[in-house]
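See below for the structure under consideration.
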Amino acid sequence: MLAPAIDRFSLVSLLRFFPVPLLQPILSLIGTQVARNEPDIFLRLGPHAQKTFVIDPSDLPFVLVLRPRPDAPKLSAFRRAETPRADACIAGTFLNLFRLVDGSLDGDALFFSRELRVSGDTEAVVALRNALDDIDGGLVQAVTGAFGPLSPVAAMTVSHFRSLGGRSSHER
């Protein structure tokens, strides 16, 4: 379990130095398991399942690239200087993006307060948001379940992330 003394600033500092290649097996597992356990997500995305999305935690030195292709979904990390071309980009701080996916922050409020930035194909971003919102139990539960016997550790990590940053004026 993460020590309670790790606050949002030290967590971000730790993630800044985390080697991107070590992220890839974790991200591949997440992408594969979510696709296997939630196959309807591709139907909900419709034609946008062929798009490429950059998820940009602006306070970290890497971006995530989501290619939700039904035949070969992929979630990858890239250093900022190596960011591939994408159809759409969703950017915000790591904790805001995490809490958005967790469902504890309202995406519309974040967007209109400019704490969440969307560029490129906004229709694809809306389709992605709606598809993720429709996952039974939520995306975070689907992700933690992907870790099999390590799911309790993943759940404790998620719980810690949820506790970081205090309450927000944009919470649902």
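The values are calculated or read from the model by the stated rules, or taken from the named source; none is laboratory data. The structure presented is a predicted model; accordingly, all values stated were derived computationally and were not measured. Cβ coordinates were reconstructed from backbone atoms using ideal geometry, including for glycine residues, and neighbour counts include every protein chain displayed. Note: accessible area is taken over every heavy atom of the protein model, side chains too, but ligands, DNA and RNA are not part of it. Shrake-Rupley method; radii C 1.70, N 1.55, O 1.52, S 1.80 Å.
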* Select from the range 93-121 the residues that are without any contact (Cβ under 8 Å) to a residue 12 or more places away in the chain and either under 11 Å from the mean Cα position of the chain (by Cα) or assigned to a loop (DSSP other than H, G, I, E, B) (or both) and list them in ascending order. => Arg114
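Considering every residue within the range 127-148, establish whether at least one is part of a strand (DSSP E or B) and modelled with pLDDT of 90 or more.
Taking the range 127-148 first, the residues part of a strand (DSSP E or B) are none.
Among the residues of the range 127-148, not one is part of a strand (DSSP E or B) and modelled with pLDDT of 90 or more, which makes the answer no.
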* If you go through the range 85-99 one residue at a time, how many are within 18 Å of Asp121 (Cβ to Cβ) and out of contact with any strand residue (DSSP E or B) (no Cβ under 6 Å at 6 or more places or on another chain)? -> 2
* To do: Name, by its number, the condition in (1) in contact (Cβ under 8 Å) with a residue 60 or more places away in the chain; (2) under 17 Å from Val143 (Cβ atoms); (3) over 13 Å from the mean Cα position of the chain (by Cα) that does not hold for Ala35.
  => (1)
* To do: Identify all residues within the range 60-92 that are crowded, with 19+ Cβ neighbours inside 10 Å, assigned to a loop (DSSP other than H, G, I, E, B) and at pLDDT 95 or above; write none if there are none.
  => Ala86
* So Phe42, is it open to solvent by less than 60 Å² (accessible area, probe 1.4 Å), not polar (S, T, N, Q) and not in a strand (DSSP E or B) -> yes
* **Residues within the range 73-122 that are among the aromatic types (Phe, Trp, Tyr) and closer than 20 Å to Thr52 by Cβ, tallied** => 1
